[in-house]
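J.: This is the structure, below, for whatever I ask next.
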Amino acid sequence: MTVPQEKLLNDLVEIVSKEGASDLHLSEGRPPVIRVSGFLIPLVKFPILTQEDLEGFLSILLSPLSRQEFDKNKEANFAWSSSTKFRFRCNAYLSLGTVSIAMRLVPKTIRSFEELNLPSILETFARRQQGFFLVVGPVGVGKSTTLASMIETINGERLEHIITIEDPIEYIFEPKKAMIDQREVKLDTPDFHSALEGVFRQDADIVMIGEMRDHETISTAVTAAETGHLVLSTLHTNTAPQTVDRIIDSFPSDQQGQIRLQLAGSLLGIFSQRLVPRISGGLIPAFELLINNNATANLIREKRTHELASVIETGSEEGMIDLNRSLAELVRKGEITVENAFQFSANPKTLERML
């Protein structure tokens, strides 16, 4: 570790905070780059980063375990906290043989649903005693932040045991009413599946799984939801119907009938979100919510998931939220442009009739 690289990194962290940036990118042969309101901005006042700079950053950012992972796999996921208490979720990787580092700022405070412009109905799911609830969407749309807000709601209200399983740990929770154990994959447990198996012997009430990456993890998560746990997790899918299909398709064909039955019985809901550029600056969420009622459960059991979109469209009285209606409402409030509404819509023709 050299003093110049440490000072440079600290200076960049301060700029990320000052400019309200979500991400910092460090790559050899380029100046540092930040992402603000979804747009990449090169910090041209800084010098072009050198190989020595990147190696210096790695020595500051990587723990011995993460360094071993990086040397072996040419890539490593990890979390890092600066001396000024800013926390980042990071990925170091190679590009054309040179080191690059992507760093996403994890906000210091866990914001409420209202502060995040999310629907208050999410509180209803946070207050459930058992079941399976998913927050889905593309990379970088705030899924982890939404889950953190749900966990913090539980933390402030319930005398229960929460276990989070993450890779890496992002938000650090301070126990209020709840007892919270946060387990990081590779550091505290070999993998998501092993940690989930352990939940059954750890007297947990609520389990938050940072990401479901294989059908073994999904299967254990659904079983946990069936056996009295509230299970919260994420998937990189775009819509609620696509999420159901992704879960079922991840299983071998001879197990898909069973997981359909389990999912129909244990699913609470699927919340899909996007971050849309705001006219006044920054980003604002648009979202879709599928609630598992009798119609939803029947469609899942009967392999008619393609009809789930119509259940969402007609289920507003039960609290369901259609993405197009969410986008149209943001347009009416003057929050987003019509052009951006169409860009983020999964069904622009339907949206056109609403505007």
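The values are calculated or read from the model by the stated rules, or taken from the named source; none is laboratory data. Please read these numbers as outputs of a predicted model, since none were measured by experiment. Virtual Cβ from ideal backbone geometry, glycine too; neighbours counted across all protein chains shown.
J.: Can you pull out every residue in region 241-262 that is hydrophobic (A, V, I, L, M, F, W, C) and out of contact with any Ser or Thr (no Cβ under 6 Å at 6 or more places or on another chain)? Spell out how you get there, then give the answer.
T.: Our first condition is that a residue be hydrophobic (A, V, I, L, M, F, W, C); within region 241-262, this holds for 244, 247-248, 251, 259, 261.
Listed by number, the residues that qualify are Ile247, Ile248, Phe251, Ile259, Leu261.
J.: Another question, then. What do you reckon, is Glu152 surrounded by fewer than 20 Cβ atoms within 10 Å (Cβ to Cβ), in the same structural domain as Thr223 (by TED's automatic domain parsing), charged (D, E, K, R) and modelled with pLDDT of 95 or more? Outline the logic, then answer.
T.: On the way: surrounded by fewer than 20 Cβ atoms within 10 Å (Cβ to Cβ): no; in the same structural domain as Thr223 (by TED's automatic domain parsing): yes; charged (D, E, K, R): yes; modelled with pLDDT of 95 or more: yes.
No.
J.: Considering only region 39-58, how many residues are in contact (Cβ under 8 Å) with a residue 24 or more places away in the chain and surrounded by 13 or more Cβ atoms within 10 Å (Cβ to Cβ)?
T.: Number satisfying all stated conditions: 8.
J.: Another question about this same structure. Listed residues Ala240, Ala195, Ala221; which is surrounded by 24 or more Cβ atoms within 10 Å (Cβ to Cβ), in contact (Cβ under 8 Å) with a residue 12 or more places away in the chain, closer than 20 Å to His306 by Cβ and of a type outside the set (Lys, Arg)? Quick ask: steps written out before the conclusion?
T.: Values: Ala195 fails: closer than 20 Å to His306 by Cβ; Ala221 fails: closer than 20 Å to His306 by Cβ.
Exactly one residue qualifies, and that residue is Ala240.
J.: To continue, here is another question. Hey, among the residues in region 294-313 that are of a type outside the set (D, E, K, R) and surrounded by fewer than 12 Cβ atoms within 10 Å (Cβ to Cβ), which one's nearest to Ser272 (Cα to Cα)? So that I can check it myself, show each step before the final result.
T.: First, pick out the residues of region 294-313 that are of a type outside the set (D, E, K, R): 294-300, 305-306, 308-312.
The next check asks that each one be surrounded by fewer than 12 Cβ atoms within 10 Å (Cβ to Cβ); those that pass are 294, 306.
Working: Asn294: 20, His306: 16 Å.
This residue is His306.
J.: Out of the helices (runs of 4 or more DSSP H) lying entirely within region 150-269, which hold 1 or more residues that are among the acidic types (Asp, Glu)? Before you say what the answer is, go through the steps one by one.
T.: Details: elements: 192-199, 215-226, 240-249, 256-266.
Fully inside region 150-269 and qualifying: 192-199, 215-226, 240-249.
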